[in-house]
Amino acid sequence: MMLDTLRTVLAVPGVSGSEQIIAETLAELVRPYVDDIRTDALGNLICVKKGAADGKRVMVCAHMDQIGYVVTDIDKDGFLYVHNVGGFGPQAFLGKVVTFANGTQGVVYAKSVKDGAKLGMGDVYIDIGASSKQEAEEKISIGDTANVAFQMVVHGDRVSAPTMDDRAACAVVIELLKALQPPHHTVIAVFSAQEEVGTRGAQTAAAAENPDIGIAVDVTATGDTPGAEPRMAVKLGAGPAVKIMDRHSISTPSVRDGLIAAAKAAGVPYQREVLTFGGTDAGAIQRTLGGIPAGTLSIPCRYVHTPVETVSLRDMEQSATLLAEYLKA
Ligand code: CO
Ligand code: ZN
């Protein structure tokens, strides 16, 4: 079930700012399980499942956008020069196939740099098989975006693919909405836009919805691979991670402790997470309006922001179980 949902949401494109197709896909998947679905000017998909009259209004936020490339220039030979949308370096997707929203495919490569010189994003280009600028422009315009093509490897419980950040969390939220019958707290499930360029969607969605509590569901890095830097305690397959802090937010203690209590009540293992870089939509939610209590439930993920982001299906299922317990109590 989780794997099928994951496969469905991973295969759909949605670079930051171009989330229409993934938003439509997510709306179709959750429609039978929610009371209301709406979108807003930033492209957020907001799905409400009503709870009891004395329940709280809890925003559960998983971002639906993904990192990718935006075309900045096209040269006379038809090569596309690009910049990154979201945070990743020039090496991240070299040698990979990418897909544009109109279906055009290309391959990513880079100019060779002299010994000792550093590869920059300005050296990276996409070859779409065009032999001239004119031929390239028949398919692609400046500002078009591309994401790394979908490809998934399932090794039993562990699954590798691009865009686990944050479609793994989208899948968790879908399975959560299916499982809640009915919740005590009203669930405002937000599939947010433009997280990867600075948590922009979550900021407006939180302001519009003004929830009592905000919970971001996102991936986090792990410290369990050879030479992993920086040092951190989170491991793949050891259960969902309750975020203590990252660069963008310090989880509100009541939300953090509520998630830990829900893990214990549900009988699922959990990990405590301190991430020394990065951030999630919780940071935006927490600082919206006069301040909203917010925290993050993290899905451990190896190789974040690469073509082989790797998660554990059991960690994902336990994340949904933990959240269901949190929303039930
Ligand atoms: Co990310
Ligand atoms: Zn993310």
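Between GLU229 and ARG158, the simple spin-label model (points 7 angstrom out along Cα→Cβ) gives 2.2 nm.
Angle, helix 253-266 long axis vs. longest principal axis of the chain, Cα atoms, 0 to 90°, nearest 10? That works out to roughly 80 degrees.
The per residue volume of the convex hull around the alpha-carbon atoms of segment 125-174 is 126 Å³. With the simple spin-label model, which puts each label point 7 Å out from Cα in the Cβ direction, the ALA265 to GLN181 separation comes to 2.0 nm.
In the full protein context, segment 226-329 carries 42 Å² of accessible surface per residue, based on a 1.4 Å probe and ignoring ligands, DNA and RNA.
Sorting LYS118, LYS328, LYS76, LYS56 by accessible area puts them as LYS118, LYS76, LYS328, LYS56; the probe is 1.4 Å, largest comes first, and only protein heavy atoms count.
Between ASP4 and GLU135, the contour length at 0.36 nm per residue exceeds the alpha carbon distance by 43.3 nm.
Out of the total accessible area of the chain (probe 1.4 Å, heavy atoms of protein only), what percent is carbon and sulfur? Write down the numbers at each step before the final one.
Working: 7040 of 13680 Å².
Within the chain, the accessible surface is 51 percent carbon and sulfur.
Given R0 = 56 Å, the distance between the Cβ atoms of LYS111 and ILE37 translates into a calculated FRET efficiency of 0.75.
Summed over the residues of segment 68-148 and divided among them, the accessible surface reaches 52 Å² per residue at a probe radius of 1.4 Å.
For segment 38-168, the alpha carbon convex hull comes to 172 Å³ per residue, rounded to a whole number.
Within the same chain, lysines fewer than 8 places from LYS178 are excluded, and of the rest, those with a Cα less than 26 Å from its Cα are LYS49, LYS50, LYS56, LYS243, LYS264, LYS328. Farthest towards the positive end of the charge dipole of segment 1-160, among the residues ILE46, GLY68, GLN20, is the Cα of ILE46, using unit charges on the Cβ of Lys, Arg, Asp and Glu.
Considering all different alpha carbon pairs of the chain, the Kirkwood hydrodynamic radius works out to 20.1 Å.
For the pair segment 11-54 and segment 195-222, the centres of their Cα atoms are 14 angstrom apart.
Could you compute how fast segment 124-208 diffuses translationally, taking Rh as the Kirkwood radius over C-alpha pairs and applying Stokes-Einstein at 37 °C with viscosity 0.692 mPa s? Give it in µm² per second. D, rounded to a whole number, is 193 µm²/s.
The values are calculated or read from the model by the stated rules, or taken from the named source; none is laboratory data. Given the structure is predicted, the values throughout are model-derived calculations rather than measurements. Ideal geometry is used to build each Cβ from the backbone, glycine not excepted, and the neighbour counts take in all protein chains shown. SASA here: full protein model, heavy atoms, side chains in, ligands and nucleic acids out. Shrake-Rupley method; radii C 1.70, N 1.55, O 1.52, S 1.80 Å.
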